[in-house]
Amino acid sequence: MDTEWADLPVDRSEARATMDLPRDKILVVTFSRLVKSKRIELLLRAIAMMDPSIREKAAFVIGGDGPERKRLERETAKLGLERSVLFKGVIPHRDVVYFLKASDIFAATNELTNMSLPPCEAILCGVPVVAFDVSGTSEVVRDGETGLLVKNGDVVEFSKKLELLIGDDALRKRLGERAARFGRSYFVSWDARIEMECRVLERLARGERPSFRSRGRPRPI
């Protein structure tokens, strides 16, 4: 990962202005290729279930593009969420760190795993993640530490967890700080990861059993 993001200073107000993001709202964000496996429609349903007085405090930003975008935009209109949900299209990689550091909560709904790069980047940037607990997700989205976990597919509970974080500034800040600490200790840079892969290949070539563990630390991503 781009581990230098952890310590990159970002002016949240300036980043929001530059990226045309709402300045006076709690930003709940997600970004991915908009395909069925990302299950963004579950996020839309969760937003629709929220207490309107809490939903009004937030803006929900969906980054990315793909074959599902038009359908998701129609679903947004059908649910009456046009004032709450903003589709931003593709976010260039160079802008992802500013997008995340300008945000408050990351929503992860992938049906395959929420241990994927966007939630991990959010954690590294100190953004707590609300995620469905599927396929290794709990290794990085640690309930009560780096975010909040929800039983896979439970949209009602997902909605409640979003409400909880939107409505509790202290909890959001505490989880964000813990997420940033976790990201600094757990994730490794692209160069370090390549070095680790090379060491594994070297050990395999010598007939040894490879391992990613070292010095008692968790397995890095």
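Nothing in this text is a laboratory measurement; each read-out follows from the coordinates by a stated rule. Treat the numbers as computed from the prediction; the structure is a model and nothing was measured. As a convention, Cβ positions derive from the backbone with ideal geometry for all residues, glycine included, and neighbour counts pool all protein chains shown.
For Cα Rg over 2.2 N^0.38 Å, several values are listed as (i) 0.94; (ii) 1.05; (iii) 1.09; flag the one computed from this structure. This structure yields the entry labelled (ii). Residue exposure proxy: 146, 30, 3, ordered by other Cβ atoms within 10 angstrom of their Cβ from fewest to most, comes out as 3, 30, 146. How many nm is it between the label spots at residue 191 and residue 24, if each spot is 7 Å from the Cα in line with the beta carbon? For residue 191 paired with residue 24, the spin-label model returns 4.6 nm. Between residue 145 and residue 93, residue separation times 0.36 nm minus the direct Cα-Cα distance comes to 16.1 nm. Projected label points at residue 51 and residue 2, each 7 Å from Cα along the beta carbon direction, are separated by 3.7 nanometres. Treating r as the C-beta distance of residue 177 and residue 79 and R0 as 35 Å, the FRET efficiency rounds to 0.55.
Taking the number of Cβ atoms within 10 Å of each Cβ as an exposure proxy, the fewest-first ranking of 18, 76 is 18, 76. Compared with the direct C-alpha span, the chain from residue 164 to residue 70 gains 30.9 nm at full extension, assuming 0.36 nm per residue. The stretch between residue 37 and residue 208, if pulled fully straight at 0.36 nm per residue, gains 57.8 nm over its current Cα-Cα span. Amide hydrogen proximity for residue 63: with H placed 1.01 Å from N in the peptide plane, the residues at 5 or more positions away or on another chain lying under 5 Å are 30, 31, 32, 88. Under the criterion of Cα pairs below 8 Å and six or more residues apart, the relative contact order for the chain equals 21 percent.
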